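Here the structure comes first, spelled out in structure tokens, and everything after it is commentary.
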Amino acid sequence: MRLKQITASLLLAATFATIVSAPAAYAGPDTNIAVIGVGEEPTTLDPANGLSGGDIHFLYTVYDRLLDFDPATLEPRPMLAESFEWADENRTLVLKLRQGVTFHDGEPFNAEAVKTSIEFYQSSGKQADLNPVTEVEVVDEFTVALHVDRPYSVLTSLLMDRGGMIISPKAIAEFGVEGVGRNPAGTGPFRVVSWAAGDNLALERFPDYWNPERIKLDGLEYRIIKNQTTVVSALMAGQVDYVMSIDPVNLPVIRRNPNLQVMTQPTIASVVIAVNTNLEPVSSKLVRQAFSYGIDREALARIAYGGEVEALPASLLVPPSYWPSTPELDGHYTYDPVKAKQLVTEAGYPDGVEVAICANANSGSPAPGAKLVDMMREQLRPAGITLNGEMLATGAACIELYNGQQAIMLNLAGWSGRPSPIMTYQQTFTSYAAYHVSKEPFDGVDAAVERLLATSDPAEQEKIFDELNAMWVDNVPWVSLYFQPRVFAQSSQLAGELPNLMGKANLTTLYFE
Amino acid sequence: MLLLILQRLGTIIPTALLASILVFSIVQLTPGGPAYAIAGPDATPEFVAHINRELGLDRPLPVQYLSWLGQMTEGSLGRSLVNRTEVTTLVANRMPVSATIALEALILAVLVGIPLGIIASVRAGGAIDGGIRSFTSIGIAVPEFWLAMLAVNLFALQLFWLPPTGFSPPSAGLVVHFKSVVMPVVTLALGPIAIIVRFTRSAMNEALSAQYVRTAWSLGLPAHQVYLRFALKNALPSIITVVGMVASVLIGGAVLIESVFAIPGIGELLVQSVLSKDFPVVQGVTTVLMFIVILINLVVDLIVAAIDPRTR
């Protein structure tokens, strides 16, 4: 009995030792497949029927777009369209298409395919941004003309985004609205091999890609890991090569690891406080200005990133490096509690005001809500502004309360930016803006946006943006806090990603050194 | 016996109904709907309304609940609001993963817990008993997710012995499989081991103080026969009951552990669907889990009835 027991324990110990002694070997340069840790899987891989901004970086790998953008300035560049030209007094956009491009399912890319894809996009009912296109005309096999029914200069920007992602006509016919998302076929550098919902998504290099020199990896494998601590462990153990988004609290430990590098990139995304201008006292422009003077943006940005990453304080909705910005207005609001107090009194509230803000109680995206609200409460006190916080479990919960026009007059939220700066102002500042809940018109804004849509001349547009930016700081429709850099981490052996201002990762050019 | 099975099955329906109403209400009464999980956090109010209409979420709550229940009677658990996948498919994909982990943790808990409990009772009051009792106190008190994080730090990040995340099924090779599950299974099993040890010890102590054990000793039977054949056999019904209870707890514990180790199991699915308020998935998963728990209880009762003539 005793001998048997001893033998058994020894055997067990030996087995365990064999199991654990070989060091774990994971993906990496040997396979030439980069393993990407992401918190969210795509909601769908159909660009026409998806809505989530979180899908875009997946879509970039599977679909090429009619137009690409310059990573630094976001100006249009050729991609599937070799050139574009406005004609017919800015009512027609003529695109010359690239020849010799094929879809993942073997279908040829041509003008007919573009027409089918754009019409599929318009009929989805999910996205309305291409609705002003009344006709997609096939001029010849490799020329299309998009006719619009109103001045619509944002069209080129939209073709750099979802609307310009061309889906194979065969896939559209075969799988339709319900099926393309799981059976995507684009012309992009990678095609889908397998997708286990909630677990992983595997892509391989598309052998017939039209621009093969650009692509170095043999494949991309996404692992969906929701828990941030877990994904950082996976990165440190070498199970993943790249983590899409890193919570700043994890940065010190990653920085200490010589095999890893922390990457930061400026983006057009920002953290803002959306304001319901229907509700007192924030219906008063002076109170909104007071609020804006009453907060110390630099301190907030420092708190948000734990001093690990530099985030620029924001007075405008577009960052200073982006062409629609107005440099002299960029630092308009600096911390000035005395001026804030004056403005509150001037607005007719000598005893001060009380405002309510809703924020995401979690530490994560887009901002550590609880921390920021606590800090702002203290900053605003000397200005006579009492900030009451409502902390909810998710950002979505706040938005629902805020949109419901309940007593939540302020909402701490993230603004991810739009492919065109015109859309940014159109959707936040005009009297018909989806994100401007009160729909209270601001003087001159609607007209300025109309003028932007009517011209495709960049110099002219820049002038109008200066006017809009002045109106933005004067009216404070939202309180801009700081711009969000994209913070991610990767293996030191990985390189090749081109940083872009859009803030959506483009992994197609990654390679192992 | 058949009557017992029928009785038990009869209680499933009202329990399941009550639980599903409870889960439904909790999920519905919190703000932040699935529309945001579908369209992203900066979806426009107009679009959220559109999605809600499309998904039927603008109907009164009782109507939504009844229509979901109607689907259930047709054998469907509905479709996920977020990615439109059949809930049965989602559950079927993830169930084997969770079941493997829970089963392995249960086997480990039984294989370690019962022998330790027996040793503790045989050596009651001694140093070994004291050691085992301190171990069980720790096992019950320490949260499993904390242990899991410590284990990841040591075995995956310092020693590089084990992968910190992921799950490889047994079909991928036993060694690979055991490497991927050893940390989750051990951390998951620690609490149950402690519980089983304590119950085994007290059940054995009770049995050892009985008349027939004293008779056995006086007949001069060897110690291992007295302990195993007389005492353990009588203690077994209460031990099995505890093992059944522990099995139900393990399924719940998997929720946390799966998240820490990024294991694509049912617990992780549940957490995600609660956050996005994907109520058909939440309802589907809780319903399935409930059936499993009720089934485990039924099986335990049947086993106990089989080995213990007094309960028949």
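The values are calculated or read from the model by the stated rules, or taken from the named source; none is laboratory data. Keep in mind that what you see is a predicted model, and the values were worked out from it rather than measured. Neighbour counts run over all protein chains shown; Cβ positions are idealised from the backbone, glycine included.
The residues of the stretch B:256-312 that are under 30 Å from A:ILE36 (Cβ atoms) and of a type in the set (Gly, Ala, Ser), listed by number, are B:SER259, B:ALA262, B:GLY265, B:GLY267, B:SER273, B:SER276, B:GLY284. Taking B:SER171, is it within 30 Å of B:TYR227 (Cα to Cα) and of a type in the set (Ser, Thr, Tyr)? No. Out of all the residues in the stretch A:246-264, is one or more among the polar types (S, T, N, Q), assigned to a strand (DSSP E or B) and more than 14 Å from chain B (Cβ to nearest Cβ)? Yes. Scanning the stretch A:472-513 for residues that are aliphatic (A, V, I, L, M) and buried (at least 18 other Cβ atoms within 10 Å of the Cβ) returns A:VAL476, A:VAL479, A:LEU481, A:VAL487, A:ALA489, A:LEU494, A:LEU501, A:MET502, A:ALA505, A:LEU507, A:LEU510. Scanning the stretch A:432-454 for residues that are more than 26 Å from the chain's Cα centre (by Cα) and in a loop (DSSP other than H, G, I, E, B), we see that the one that is surrounded by the most Cβ atoms within 10 Å (Cβ to Cβ) is A:PHE442.
Could you go through the stretch B:206-223 and let me know if any residue there is over 29 Å from B:ASN93 (Cα atoms), outside any helix (DSSP H, G or I) and within 12 Å of chain A (Cβ to nearest Cβ). Scanning the stretch B:206-223 turns up at least one residue that is over 29 Å from B:ASN93 (Cα atoms), outside any helix (DSSP H, G or I) and within 12 Å of chain A (Cβ to nearest Cβ). Evaluated against (1) closer than 15 Å to A:MET376 by Cβ; (2) at pLDDT below 95; (3) crowded, with 18+ Cβ neighbours inside 10 Å, A:GLU354 falls short on exactly one condition, (3). Taking the stretch A:481-498 as the range and being part of a strand (DSSP E or B) and of a type in the set (Ser, Thr, Tyr) as the test, the residues that pass are A:TYR482, A:SER491. Tell me yes or no: at least one residue of the stretch B:137-153 is aromatic (Phe, Trp, Tyr) and closer than 25 Å to B:GLY267 by Cα. The answer is yes; a qualifying residue exists.
Selection of the stretch A:153-184 for residues being more than 23 Å from the chain's Cα centre (by Cα), away from chain B (no Cβ under 14 Å) and among the aliphatic types (A, V, I, L, M) yields A:ALA171, A:ILE172, A:ALA173. Here A:ARG98 meets the list (1) away from chain B (no Cβ under 14 Å); (2) at pLDDT below 90 almost entirely, failing just condition (2). Taking the stretch A:251-276 as the range and being free of Cβ contacts under 8 Å to residues at least 40 places away in the same chain and of a type outside the set (D, E, K, R) as the test, the residues that pass are A:VAL253, A:ASN257.
Of the residues making up the stretch A:102-135, those that are under 28 Å from the mean Cα position of the chain (by Cα), under 20 Å from A:THR187 (Cβ atoms) and among the β-branched types (Val, Ile, Thr) are A:VAL114, A:THR116, A:ILE118. The single condition from (1) under 25 Å from B:GLY267 (Cβ atoms); (2) surrounded by fewer than 20 Cβ atoms within 10 Å (Cβ to Cβ); (3) at pLDDT 80 or above; (4) of a type in the set (A, V, I, L, M) that B:VAL97 fails is (2). Checked against the criterion of being over 26 Å from A:SER438 (Cβ atoms) and part of a helix (DSSP H, G or I), the candidates A:ALA290, A:ALA311, A:ALA301 yield just one match: A:ALA301. Out of all the residues in the stretch A:395-411, is one or more in contact with a Leu (Cβ under 6 Å, 6 or more places away or on another chain), more than 14 Å from chain B (Cβ to nearest Cβ) and either surrounded by fewer than 19 Cβ atoms within 10 Å (Cβ to Cβ) or closer than 30 Å to A:TYR222 by Cβ (or both)? There is no residue in the stretch A:395-411 that is in contact with a Leu (Cβ under 6 Å, 6 or more places away or on another chain), more than 14 Å from chain B (Cβ to nearest Cβ) and either surrounded by fewer than 19 Cβ atoms within 10 Å (Cβ to Cβ) or closer than 30 Å to A:TYR222 by Cβ (or both). If you go through the stretch B:92-103 and keep only what is in contact (Cβ under 8 Å) with a residue 12 or more places away in the chain and more than 14 Å from every other protein chain (Cβ to nearest Cβ), you end up with B:THR100, B:ILE101, B:ALA102.
Quick check on A:ALA433: is it under 27 Å from A:LEU312 (Cα atoms) and without any contact (Cβ under 8 Å) to a residue 12 or more places away in the chain? Yes: the conditions hold for A:ALA433. Of all residues in the stretch B:71-91, those that are more than 14 Å from chain A (Cβ to nearest Cβ), without any contact (Cβ under 8 Å) to a residue 60 or more places away in the chain and in a loop (DSSP other than H, G, I, E, B) total 3. The residue pairs whose first member lies in the stretch B:259-279 and is within 10 Å of chain A (Cβ to nearest Cβ) and farther than 22 Å from B:ILE51 by Cβ, whose second member is part of a loop (DSSP other than H, G, I, E, B) and among the aliphatic types (A, V, I, L, M), and whose beta carbons are closer than 9 Å, counting only pairs six or more residues apart or on different chains, are B:ALA262/A:ILE225; B:PRO264/A:ALA197; B:GLU268/B:ALA262. Buried (at least 20 other Cβ atoms within 10 Å of the Cβ) and away from every other protein chain (no Cβ under 14 Å): does that describe A:PRO189? Yes, satisfied. If only residues of the stretch A:46-69 that are of a type outside the set (Gly, Ala, Ser), part of a loop (DSSP other than H, G, I, E, B) and more than 11 Å from chain B (Cβ to nearest Cβ) are counted, the one that is farthest from the chain's Cα centre (by Cα) is A:LEU66. Checking A:TRP478, A:TRP472 one by one, the residue that is within 14 Å of chain B (Cβ to nearest Cβ) and in contact (Cβ under 8 Å) with a residue 60 or more places away in the chain is A:TRP478 and no other.
Applying the condition of being part of a loop (DSSP other than H, G, I, E, B) and touching a strand residue (DSSP E or B) at 6+ places or on another chain (Cβ under 7 Å) to the stretch A:214-238 and asking which residue is nearest to the other protein chains (Cβ to nearest Cβ) yields A:ILE225.
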